[in-house]
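Here the structure is laid out as structure tokens; the discussion comes afterwards.
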Amino acid sequence: MNMQTRRKDLQNTIARAAKASGRSPSDIHLLAVSKQQPDALIEAALQEGQRCFAENRVQEAQERWTARRAAYPDLQLHLIGPLQSNKVAEAVALFDMIHSLDRPKLAAALAQEMRKTGRSLPCLIQVNTGEEPQKAGILPPDLPGFLLECRDVHGLEIRGLMCIPPQDEPAALHFAFLAKLARRLALSDLSMGMSADFEKAVPLGATYVRIGTAFFQPRT
Ligand SMILES: *Cc1c(COP(=O)(O)O)cnc(C)c1O
């Protein structure tokens, strides 16, 4: 299958899942997760008109996208991986949205950099819905307080929530839980669903699905 067919298939699957649950397909953004993918496939995706991409590492994203940003002014780059405080300046300069706001120190550093540069990025709070010790993210009981801190203390624009469900649990349970948290807090965006489970995330309210291998190819 070539890039054109894969992308169309994914778009159709998303649209079908949206309509089946009474949602508008245009409310769901397909993010092509380009980490560790070869240049030829990135170029093929751009050729097909894909403009929304996601990366999980700042340095790798800079290498892949800095030059291409100039060539494609309508490009949208999303950071979906852990952000270290010492990479905040690079991240704010390169990305359009951060999905992985996961701790108070990062909120403070992002706010400071955004004030300094005058470049404001909307953010999503990553929630550790499975309360896994090794996983990043705000624990659900801490979420309301963290949201207040982000907004009132730091003045960040928080649009919604993101999660990565535990490997060994049904993803749909975590998507439903994340959606419930977002509803309670009146947050509109939900970044949830990857190659294996985006069809389950769409009926539960995903507005961003993050698709890597199913869009490109298995990572090496
Ligand atoms: C790599 C990655 C994805 C994409 O995973 P696939 O299974 O290849 O679709 C989605 N979200 C995050 C946070 C990732 O790091």
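Every number here is computed from the coordinates shown, using simple stated rules; none is lab data. Values in this document were obtained by computation on a predicted structure and should not be read as measured data. Backbone-built Cβ (ideal geometry, glycine too); neighbour counts: all protein chains shown.
What's the number of the only condition in (1) out of contact with any Cys (no Cβ under 7 Å at 6 or more places or on another chain); (2) outside any helix (DSSP H, G or I) that Thr129 fails to meet?
Every condition holds for Thr129 apart from (1).
Of all residues in the range 115-131 being of a type outside the set (Val, Ile, Thr) and under 19 Å from Ala186 (Cβ atoms), which is farthest from the chain's Cα centre (by Cα)?
Here the residue is Pro122.
When the range 192-208 is examined, which residues are found to be within 19 Å of Gly130 (Cα to Cα), crowded, with 20+ Cβ neighbours inside 10 Å and out of contact with any Cys (no Cβ under 8 Å at 6 or more places or on another chain)?
If the condition is that a residue be within 19 Å of Gly130 (Cα to Cα), crowded, with 20+ Cβ neighbours inside 10 Å and out of contact with any Cys (no Cβ under 8 Å at 6 or more places or on another chain), then Gly193, Phe198, Lys200, Ala201, Leu204, Gly205, Ala206 are the ones that fit.
Do any residues in the range 28-42 that are farther than 27 Å from Leu204 by Cβ and assigned to a strand (DSSP E or B) have Cβ atoms under 6 Å from those of residues that are of a type in the set (Asp, Glu) and more than 9 Å from the ligand (Cβ to nearest atom), where the two are at least six apart or on different chains, and which pairs are they?
none
Report, by residue number, each residue of the range 183-210 that is near the ligand (Cβ under 9 Å from one of its atoms) and of a type in the set (Phe, Trp, Tyr).
Phe198
Residue-by-condition table, conditions (1) closer than 26 Å to Ile28 by Cα; (2) assigned to a loop (DSSP other than H, G, I, E, B); (3) out of contact with any strand residue (DSSP E or B) (no Cβ under 7 Å at 6 or more places or on another chain); (4) without any contact (Cβ under 8 Å) to a residue 40 or more places away in the chain:
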{"site": "Ala109", "(1), (2), (3), (4)": "no, no, yes, yes"}
{"site": "Met114", "(1), (2), (3), (4)": "no, no, yes, no"}
{"site": "Leu124", "(1), (2), (3), (4)": "yes, no, no, no"}
{"site": "Asp142", "(1), (2), (3), (4)": "no, no, yes, yes"}
{"site": "Gly155", "(1), (2), (3), (4)": "no, yes, yes, no"}
{"site": "Gly160", "(1), (2), (3), (4)": "yes, no, no, no"}
{"site": "Ile164", "(1), (2), (3), (4)": "yes, yes, yes, yes"}
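Got a number for residues in the range 30-50 being in contact with a helix residue (DSSP H, G or I) (Cβ under 9 Å, 6 or more places away or on another chain) and surrounded by 14 or more Cβ atoms within 10 Å (Cβ to Cβ)?
Within the range 30-50, residues that are in contact with a helix residue (DSSP H, G or I) (Cβ under 9 Å, 6 or more places away or on another chain) and surrounded by 14 or more Cβ atoms within 10 Å (Cβ to Cβ) number 13.
Which members of the range 23-55 meet the condition of being of a type in the set (Gly, Ala, Ser) and under 11 Å from Arg7 (Cβ atoms)?
Across the range 23-55, the qualifying residues are Ala32, Ala44, Ala45, Gly49.
Quick check on the range 118-165: of everything there that is in contact with a Lys or Arg (Cβ under 8 Å, 6 or more places away or on another chain) and either farther than 19 Å from Ala108 by Cβ or of a type in the set (Ser, Thr, Tyr) (or both), which residue is surrounded by the fewest Cβ atoms within 10 Å (Cβ to Cβ)?
Among them, the one singled out is Asn128.
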